[in-house]
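Undergrad: Below you will find the structure I want to go over with you.
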Amino acid sequence: MSVEAPGWLVALDIDGTVLHEDGTLSDIVGAEVRRVVADGNEVMLATGRSVGSTLPVLDRLGITPRYVVCANGAVTLIRDPEAPLGYRSFHIETFDPGPVLTRIRSHLTEALFAVEDSNGQFLHTEAFPETVLGEGNTLVSFDELQQVEATRVVVISPGHDMEDFLAVVERMGLHRVSYSIGWTAWLDIAPDGVNKATGLERVRDILGVPRSRVMAVGDGRNDIDMFRWAGAQGRAVAMAQSPDDVLAVATEVTASIDDDGVAQVLATL
């Protein structure tokens, strides 16, 4: 008698992977995601987004995974029908942002800063673009920002091009925290040793999914750790438009977001 293989655990990045730059979702991608779920696989989101900007994407996709990884691994949610938005906090990692904020400010004097707290709310310094953080955030002084117990720090430096920014970040030597680079002149800093991979490994272990049946799909530098984790025994899939250093750690490449790359790779399951 044959034994049916267990389903896959599929972790999808959001921006540049599931959603286009203008926030739109392809009907083809949405339909393929729901098809894979209906076939018995666990499709979840693993994103740098905050809780508040992640949960609406689940609604748009029409899925209710058991877990969601937000804030680049610092926040893991669990489905709870009794919770106001259908999910509640399951695991949260925090750190003292004061030392790293001070260090970065000494290198990037024109940078803008924001801190996400354990409730998923952003506190930010003046002039931080609301379009980056979403609505309902709090403007505070730099000194007040250093007092928040943070799940992550976000730094943007509009005056730098990407290469200059990367060079400055490299010189900082941020040894006590984990950091990743997002889009141009964007720095995302998480608690030490925390990234999408650590959150996903916790979920995989709880669900009992074999390492050989994990798939991660993404397009950004904050997906590199996730790719190394997934690609060790499973599948690490980069979108075609990913930067070269992201493509280098993937085990395979799918089409770009403009060509519905997520749908194409999910069709292989």
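Undergrad: If VAL69 satisfies every condition in (1) crowded, with 19+ Cβ neighbours inside 10 Å; (2) under 19 Å from SER242 (Cα atoms) but one, which is the exception?
TA: Condition (2) is where VAL69 drops out.
Undergrad: To continue, here is another question. For residues that are small (Gly, Ala, Ser) and within 18 Å of ARG49 (Cα to Cα), scanning just region 166-192, find the one that is modelled with the highest pLDDT. Outline the logic, then answer.
TA: Restricting attention to region 166-192, the residues satisfying the condition of being small (Gly, Ala, Ser) are 167, 173, 178, 180, 182, 185, 190.
If we keep only those that are within 18 Å of ARG49 (Cα to Cα) too, we end up with 178, 180, 182, 185, 190.
On the way: SER178: 69, SER180: 71, GLY182: 64, ALA185: 69, ALA190: 86.
Looking at the filtered set, the residue picked out is ALA190.
Undergrad: Here is a further query. Can you tell me how many residues within region 1-19 are modelled with pLDDT under 95 and either within 17 Å of the chain's Cα centre (by Cα) or surrounded by 14 or more Cβ atoms within 10 Å (Cβ to Cβ) (or both)?
TA: First, the residues of region 1-19 that are modelled with pLDDT under 95: 1-7, 15-16.
If we keep only those that are either within 17 Å of the chain's Cα centre (by Cα) or surrounded by 14 or more Cβ atoms within 10 Å (Cβ to Cβ) (or both) too, we end up with 6-7, 15-16.
Total meeting the criteria: 4.
Undergrad: Here is a further query. Go through (1) among the hydroxyl-bearing types (Ser, Thr, Tyr); (2) at pLDDT 80 or above; (3) under 20 Å from the mean Cα position of the chain (by Cα) for SER141 and report which single condition fails.
TA: Every condition holds for SER141 apart from (3).
Undergrad: Test ASP27 against the criterion of being modelled with pLDDT of 95 or more and within 25 Å of ALA236 (Cβ to Cβ), and give yes or no. Spell out how you get there, then give the answer.
TA: Values: modelled with pLDDT of 95 or more: yes; within 25 Å of ALA236 (Cβ to Cβ): no.
Considered against the rule, which asks whether it is modelled with pLDDT of 95 or more and within 25 Å of ALA236 (Cβ to Cβ), ASP27 comes out as no.
Undergrad: Test of understanding: among PRO99, PRO81, PRO158, which residue is in a loop (DSSP other than H, G, I, E, B) and either among the small types (Gly, Ala, Ser) or at pLDDT 85 or above (or both)?
TA: Working: PRO99 fails: in a loop (DSSP other than H, G, I, E, B); PRO158 fails: either among the small types (Gly, Ala, Ser) or at pLDDT 85 or above (or both).
Matching residue, one of PRO99, PRO81, PRO158: PRO81.
Undergrad: Further question: Among helices (runs of 4 or more DSSP H) lying entirely in region 175-269, which contain 1 or more residues that are within 22 Å of PRO97 (Cβ to Cβ) and within 18 Å of the chain's Cα centre (by Cα)? Show your work before the answer.
TA: Values: elements: 196-207, 224-231, 244-247, 261-266.
Ranges flagged: 196-207, 224-231.
Undergrad: Then there's this: Kindly indicate which of ARG88, ARG66 is under 25 Å from GLN121 (Cβ atoms) and out of contact with any Lys or Arg (no Cβ under 6 Å at 6 or more places or on another chain). Don't jump to the end; show me each part of the working.
TA: Working: ARG66 fails: out of contact with any Lys or Arg (no Cβ under 6 Å at 6 or more places or on another chain).
From the options ARG88, ARG66, the qualifying one is ARG88.
Undergrad: Additional query: For GLY62, only one of the following conditions fails: (1) in contact (Cβ under 8 Å) with a residue 24 or more places away in the chain; (2) under 30 Å from VAL168 (Cα atoms). What is its number?
TA: (2)
Undergrad: On to the next question. Among the listed residues VAL68, VAL51, identify the single one that is at pLDDT 95 or above, of a type outside the set (Ser, Thr, Tyr) and touching a strand residue (DSSP E or B) at 6+ places or on another chain (Cβ under 9 Å). Step through it out loud before you land on a result.
TA: On the way: VAL51 fails: at pLDDT 95 or above.
Among VAL68, VAL51, only VAL68 is at pLDDT 95 or above, of a type outside the set (Ser, Thr, Tyr) and touching a strand residue (DSSP E or B) at 6+ places or on another chain (Cβ under 9 Å).
The values are calculated or read from the model by the stated rules, or taken from the named source; none is laboratory data. The shown structure was predicted, so the numbers you read here are calculated from the model rather than taken from an experiment. Quick reminder, even Gly has a Cβ in these numbers, built from the backbone with ideal geometry, and neighbours come from all protein chains shown.
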